[in-house]
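For reference, the structure discussed in these notes is given below.
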Amino acid sequence: MFRRLLRAPLTWVVAAVLVAAAIFGGYWFQPWKLVVDQNVAERLTEPAPEAPTTGPPSTGPSTVAPSTAPSSPAAGAAARPVLVSRGTFVTHEHETSGTARIVRQPDGGHRLELVDLDTSNGPDLRVWLSDQPVRAGRAGWHVFDDGRFVELGRLKGNRGDQAYAVPAGTDLERLRSVSIWCRRFAVSFGAAELGPVR
């Protein structure tokens, strides 16, 4: 009877369907990522807190010629990276912890730095800046593609320090949250609200 089953065309059709389903399921869900971590240890900046925009009142015109005036502390600070905003990750679909921060570089550009990130590995994870508020629990799982967002790239690793360039012209006044976004299943693994540095 077993040999008869092997010779039956329906048996081969069923076997082919099962093999195809297993291959597709493995590709789509990538279950091995649940037990395999990808660690990243990129060098992060050492930013200074953002300086106040107002300075001390002027005491009158300077008697030193501009070409020979010593550089001011503000000018020295401008040559360093500046911490603009930061926030702490909250858990969404997967347990997530760490800090997100926006750092302004000396050339005026910005980058997002993820510090001590710890989340689950998963298929098709991306780093998004979004205009959606961060909500705890299931209410925050699916909101980040509801409004405006900018994708900064694939998540480099589910653990460790990593940095992403923010494209020039990105409106960082409106895009105030960061999500580790699983694009394949349209769900946030974790997110951080970016707030002013205190």
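Here R184 clears all of (1) open to solvent by 40 Å² or more (accessible area, probe 1.4 Å); (2) modelled with pLDDT of 95 or more except the condition numbered (2). Among the residues of region 166-181, those identified as surrounded by 13 or more Cβ atoms within 10 Å (Cβ to Cβ) and among the hydrophobic types (A, V, I, L, M, F, W, C) are V166, L172, L175, V178, I180, W181. Only one entry of R43, R101 meets the criterion of being at pLDDT 50 or above, in a strand (DSSP E or B) and either in contact with a Pro (Cβ under 9 Å, 6 or more places away or on another chain) or exposed (fewer than 12 other Cβ atoms within 10 Å of the Cβ) (or both), and that entry is R101. Within region 114-163, the set of residues being under 13 Å from H94 (Cα atoms), open to solvent by less than 30 Å² (accessible area, probe 1.4 Å) and either outside any loop (DSSP other than H, G, I, E, B) or charged (D, E, K, R) (or both) comprises L117, L125, G140. Across region 105-148, the qualifying residues are those that are more than 27 Å from A48 (Cα to Cα) and in contact (Cβ under 8 Å) with a residue 60 or more places away in the chain, and the one among them that is nearest to the chain's Cα centre (by Cα) is L125.
For (1) among the aromatic types (F, W, Y); (2) under 20 Å from R183 (Cα atoms), each residue gets a yes or a no:
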residue	(1), (2)
S85	no, no
E93	no, yes
G98	no, no
P106	no, no
H110	no, no
D124	no, yes
W128	yes, yes
G137	no, yes
D145	no, yes
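Inspection of region 172-192 finds a residue satisfying the criterion of being within 21 Å of V103 (Cβ to Cβ) and free of Cβ contacts under 8 Å to residues at least 40 places away in the same chain. Filter region 162-171 for residues that are under 11 Å from the mean Cα position of the chain (by Cα) and in contact (Cβ under 8 Å) with a residue 60 or more places away in the chain and give the result. Residues satisfying the conditions are Q162, A163, V166.
Screening the candidates L125, L117, L112 for the property of being in contact with a Cys (Cβ under 6 Å, 6 or more places away or on another chain) and not hydroxyl-bearing (S, T, Y) yields one hit, L125.
The values are calculated or read from the model by the stated rules, or taken from the named source; none is laboratory data. The model shown is predicted, which means the values in this text are computed figures rather than measured ones. Neighbour counts run over all protein chains shown; Cβ positions are idealised from the backbone, glycine included. Side chains included, ligands, DNA and RNA excluded: accessible areas come from the protein's heavy atoms. Shrake-Rupley method; radii C 1.70, N 1.55, O 1.52, S 1.80 Å.
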